[in-house]
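Note sheet for the following structure.
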Amino acid sequence: MKDTFYVTTPIYYVNGVPHIGHAYTTVACDVIARYHRLRGEAVFFLTGTDEHSQNVARIAEENGVSPEEWTDRMIPEWKRVWERLQISYDDFIRTSEERHTRAAQEFVKALYERGDVYLGTYEGPYCVSCEEFKVEAELVDGQCPIHRRPVEHLSEENYFFRLSKYQDALLRHYEDNPDFVVPEERRNEMLSFIRGGLRDLSVSRKSVTWGIPLPWDPGHVIYVWVDALLNYVTAAGFGLEEGRFRSVWPADVHVMANDIVRFHSVIWPAMLMAAGVPIPRQICVHGYMLVGGEKMSKTRLTGIHPFELVDFFGVDAYRYYFLREITFGRDGSFSWESMLARYNADLANGWGNLASRVLAMVDSYFDGVVPEPGGDGTGVLSNLGGELVERFDAHMTTLRLTDAVASLDEFVREANRYLVEVAPWALAKDASRRRELEAVLYEALEGLRLIALLAFPIMPEAAGRLWEQLGIDDRLEDERLPEAGRWGRLQPGTKVRRGDSLFPRLES
Ligand code: MSP
């Protein structure tokens, strides 16, 4: 029985090292995975690498090594970045691994045996950078419209998948599952693409040798996109570990940018239908990250390595910035200036300042001991806190990640505003108002506890440091919603530990 929340990143081409575009998707998936763990769910978070691409073979050749050697050399580069960005993946699949190649062969063989794969000839353009069969009408001056590079003209024997046969079934699936592709604009694009008519798809290449051989005709290799899509089932145990497969499949959400949504929301579900395997629940499409108004890309050499930013801003601010600044689902721009401005405005002045002033007051007015809450339970922050937990959950579970992060940031602002309004520093001067002062600081501390709890999926290190400063004995990673989200769990008498500022101000 399915009992695990399953989220995936695309598997990335390893012709180069990761840039902040790849990291954007991966961080978003990590936040989703961590949030579901916080809710007490079993989670399977998968990422990995797509190795059988001609671009990989080409760059290996240019470097005078075999594709295997090249990919072996690249994998540590990718893993190093994910580790530094605190990506909590449960599995990392490489399409060159046996567990993948064997199961992928099983899968295509099943399609062949069911009569949905047949031998034919492909004639037409092919863009190697996209690894995609194109139609003449799409080309601009004979070039791929995305990569602005000449296409190849292929004429070769290929095996074809009867994609056209699944047109009606796909349309029905879209109708019955209105949230299959989000956001809605993307769903509509895919619907009109399907309604426009589907052509059968080449699923093998004869002139290519770097790939997985077709089991019944080893002179062909599996088309790299079919090979790649299959990672989502092979990593889940398809064909090899049936019990595990049943507990994680279907995937809850495949996350990606717009460039590869057709593969995921048309070809992939049709392949699964043909094999009699359930279809993933959701395809979630985010926007492109633009640099200087253009899509950042390896081919155009505009890729920025994540470490260039992490070295300066730290990993938490890095994760926060992209989710907060670029509305999840829409295109957005990155610039150093906006990152610095947001860091100082939101994190240094907002989050960091809230934590340090509250902890400093608890230190000086109460010897660092959490005071008693007010009796009436009608505090401003307790009300806002309750709302926040609910709103945050609604946003997160519907993948409105920017709204989730923004709601937390808004709570931080409210908390800072509240402190200015009630001015505990003034209350502290009046001994007759000691009870009020206690109640206010308890509210503020409990607000900080909620902030640390909900920020944990987004900024795991900073949240952990804040949690420690609050002096709570239980480990943050063991906390579970909804219980942990109830107002008033912070125990009076707890000794807080003032520490270093969470987000020191940065100068350019
Ligand atoms: N190997 C295929 C995916 C196979 S999945 C079964 C591939 N790889 S890729 O390395 O080109 O990665 C594309 C994905 O990287 C995008 O869909 C997106 O998730 C991420 N991004 C790459 N550049 C990006 C931006 N500039 N902006 C946002 N996301 C970016 O396609």
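The values are calculated or read from the model by the stated rules, or taken from the named source; none is laboratory data. Just so it is clear, the model here is predicted, and its values are computed rather than measured. Methodologically, a virtual Cβ is constructed for each residue, glycine included, from the backbone with ideal geometry; neighbour enumeration extends over all protein chains shown. Calculation scope for accessible area: heavy atoms of the full protein, side chains included, ligands and nucleic acids excluded. Shrake-Rupley method; radii C 1.70, N 1.55, O 1.52, S 1.80 Å.
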### Residue in segment 323-346 that is in contact with a Pro (Cβ under 9 Å, 6 or more places away or on another chain) and farther than 30 Å from residue 283 by Cβ present
no
### Message
Would you confirm, using the coordinates I've provided, whether residue 27 is over 17 Å from the mean Cα position of the chain (by Cα) and within 14 Å of the ligand (Cβ to nearest atom)?
### Response
no
### Members of segment 52-106 found to be part of a helix (DSSP H, G or I), open to solvent by 30 Å² or more (accessible area, probe 1.4 Å) and farther than 28 Å from residue 152 by Cβ, listed by number
76, 77, 79, 80, 83, 84, 98, 99, 102, 106
### Query
For segment 263-292, what are the residues that are more than 9 Å from the ligand (Cβ to nearest atom) and not aliphatic (A, V, I, L, M)?
265, 269, 276, 278, 280, 281, 282, 284, 292
### Message
Which of the numbered conditions does residue 218 fail, given that it passes all the others? Conditions: (1) within 16 Å of the ligand (Cβ to nearest atom); (2) of a type outside the set (Asp, Glu); (3) over 31 Å from the mean Cα position of the chain (by Cα); (4) surrounded by fewer than 19 Cβ atoms within 10 Å (Cβ to Cβ).
### Response
(1)
## Note on the structure
Taking first residues from segment 388-402 that are part of a helix (DSSP H, G or I) and second residues anywhere that are open to solvent by 40 Å² or more (accessible area, probe 1.4 Å), the pairs with Cβ under 6 Å that are 6 or more apart or on different chains are 395/403; 402/327
### Summary
Checked pairs for segment 241-262, first open to solvent by 30 Å² or more (accessible area, probe 1.4 Å), second more than 16 Å from the ligand (Cβ to nearest atom), C-beta under 7 Å and 6 or more apart or across chains, list as 244/237; 246/1; 246/2; 262/193
### Query
Could you say which residue among 251, 257 is modelled with pLDDT of 95 or more, under 19 Å from residue 178 (Cβ atoms), within 12 Å of the ligand (Cβ to nearest atom) and in contact with a Phe, Trp or Tyr (Cβ under 6 Å, 6 or more places away or on another chain)?
251
### Task
Go through segment 45-59 and give me each residue that's of a type outside the set (Val, Ile, Thr) and farther than 18 Å from residue 101 by Cβ.
45, 55, 58
### Query
So which of 208, 233 is modelled with pLDDT of 95 or more and aliphatic (A, V, I, L, M)?
233
### Task
Please state which one of 21, 16, 48 is touching a strand residue (DSSP E or B) at 6+ places or on another chain (Cβ under 6 Å), open to solvent by 10 Å² or more (accessible area, probe 1.4 Å) and not charged (D, E, K, R).
21
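Per-residue answers, yes or no, for (1) more than 19 Å from residue 222 (Cα to Cα); (2) of a type outside the set (Asp, Glu); (3) out of contact with any Gly (no Cβ under 9 Å at 6 or more places or on another chain):
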site	(1), (2), (3)
31	yes, yes, yes
34	yes, yes, yes
39	yes, yes, yes
46	yes, yes, yes
52	no, yes, no
65	yes, yes, yes
80	yes, yes, yes
84	yes, yes, yes
96	no, yes, yes
### Sole exception among (1) out of contact with any strand residue (DSSP E or B) (no Cβ under 9 Å at 6 or more places or on another chain); (2) farther than 24 Å from residue 41 by Cα; (3) modelled with pLDDT of 95 or more for residue 495, by number
(1)
### Task
Looking only at segment 343-368, count how many residues are closer than 15 Å to residue 428 by Cα, touching a residue at least 40 places away in the same chain (Cβ under 8 Å) and not small (Gly, Ala, Ser).
8
### Where residue 181 falls short, out of the listed (1) within 16 Å of the ligand (Cβ to nearest atom); (2) surrounded by fewer than 16 Cβ atoms within 10 Å (Cβ to Cβ)
(2)
### Task
From the list 386, 368, pick out the single residue that is in contact with a Phe, Trp or Tyr (Cβ under 7 Å, 6 or more places away or on another chain) and surrounded by fewer than 19 Cβ atoms within 10 Å (Cβ to Cβ).
386
### Query
Which one of these is open to solvent by less than 10 Å² (accessible area, probe 1.4 Å) and within 33 Å of the chain's Cα centre (by Cα): 468, 446?
446
### Task
Would you be able to say whether some residue in segment 394-414 is open to solvent by 20 Å² or more (accessible area, probe 1.4 Å) and farther than 30 Å from residue 309 by Cα?
yes
